[in-house]
1. Give me the one-decimal nm value for the distance between modelled label points at A27 and L330, 7 Å along each residue's Cα-to-Cβ direction.
2. What is the distance, in nm, between label points placed 7 Å from the Cα along the Cα-to-Cβ direction at D397 and at V281?
3. Given 0.36 nm per residue, what is the gain on full extension from E166 to R348 after removing their alpha carbon distance, in nm?
4. For a protection proxy built on the mean count of beta-carbon atoms within 10 angstrom, sort 209-215, 19-25 highest first, please.
5. If the chain between D301 and V148 were fully stretched, how many nm would it gain, using 0.36 nm times the residue separation less the Cα-Cα distance?
6. Multiply the residue separation of A236 and D18 by 0.36 nm, subtract the distance between their alpha-carbon atoms, and state the gained length in nm to one decimal.
7. What is the distance in Å between the Cα centroid of segment 283-329 and that of segment 50-94?
8. For segment 104-183 and segment 1-47, what is the separation of their Cα centres, given in Å?
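Rule-based calculations on the coordinates, nothing more; no lab input. Note that the structure is a prediction, hence the values are computed from the model and not measured. Cβ atoms come from the backbone with ideal geometry, glycine included; neighbour counts cover every protein chain shown.
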Amino acid sequence: MSARETASGLRAVARCDDLGVAPYSDADDHLFRPYLGAGHAATLDRIAAWMTEAGMTARVDAAGNIVGRYEGRHSDAPVLLIGSHVDSVRDGGRYDGMLGVMLGIETVAWFAERGHRFPFAIEVIGFGDEEGSRFPVSMLTSRAVAGVLGDQDLALADAAGVGLAEALDGFGLELARFAGAARHREDVLAYVEAHIEQGPVLEAEGHALGVVSAIAAQYRFRAVVTGVAGHAGTMAMRLRRDALAAAAEMVLAVERIGGAGPEDLVATVGRMEVGPGVPNVVPGAVTFSIDVRAGVGAVRDRAADEIRVALADIAARRTVGLDLTLQQDLPATPCDSGLSRLMAEAVRDVTGAEPRVLVSGAGHDAMVMARLAPVAMLFLRCRGGVSHHPAEAVEVDDAQTALEAMTAFVTRFEHTWSDAGPALTEEER
Ligand SMILES: [Zn+2]
């Protein structure tokens, strides 16, 4: 595909496609771009060149994020950050994360082509790790930028035993400086992220774009059901305490409760281990996961309470043991209401339609960046809602509409900020 030489959604999509293969992938036959790998390095070189072409100065920060800066009218102006992530899961799609970075570059290019400078700088940031693509944590690099790293984060090692320090060293970066990627709160006006929806709602309802109201609160539990193992041929049915049959009923209860709430409430059993797991033994123990999410913490909490009660009832009736352990508790991240309103107006500007507002069930860098600055998110429809898969696809027209919405957003942001921001001369406005 030949990219146009001016800012366009087509160019953003074409560049994602370019970056979908070796040497931008660490695998020859599929896309896998883990943090601080060879594909990541090659990708940053390419992105830096595109940023420069678009009128930005490009640098790699202390955490391995690529950052392009489009200066404002003053060199020390605060920053509007536009970004997403450049890493991918193994055998991932080309647009997850990367399209948001490419649309950020196109947004800047669009204004640069018109010679427009803002009373703030715009920086486009491509986060190195969102997916947990290399180390066993996710959003490592946005957490560095937001200044919210945990104590254990710097002691990580990948599956091959390579530590973060060594991986950074291969990238010309130092562990001791990693946390120095943190930005100052007073320098960052806002963080805006465009991302494919990774779900089917926009496509099903015929919307190219959506505005994210919040990133869902999430609970993850481990459930252990303990019954009594026995010979599958000799143990009478009425005497059984079958852990798997009980777990099966529990899975259906989780599904029923998840389906009984608002549309953004979801509940999933995605993993199950059966012990002893042989055909001729009645299962004695089953361990399974429960993932519960909703845009509002209270909705998630209520569903989790219902699940606890329902599972305890099933366990009591079937006389099996049940142990539920909370393993992860992520609070909901509401997007900033003022910025989201600007984004909704921007979407209305370009589509003429009332924007679809939806909750993101998936986590994004924006949930981390919300701890540093107000955030807004724009979702793009993707085909079939498919993501984290090579079949991931977006329409060029949708990417173009998204670019127009992003430029409309930045224009509206400029007007709002200039009205509310520090006193500027009439000429500067
Ligand atoms: Zn993503």
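1. 2.2
2. Placing both labels 7 Å beyond Cα along the Cβ direction yields 5.8 nm.
3. 60.7 nm is the gain from fully extending E166 to R348.
4. Working: 209-215: 24.3, 19-25: 19.6.
For the peptides 209-215, 19-25, the packing ranking is 209-215, 19-25.
5. Working: separation 153, 0.36 × 153 = 55.08 nm, distance 2.51 nm.
Gain on stretching D301 to V148: 52.6 nm.
6. The A236-D18 span can extend by a further 72.3 nm.
7. Segment 283-329 and segment 50-94 have Cα centres separated by 42 Å.
8. Each part's Cα centre sits 17 Å from the other's.
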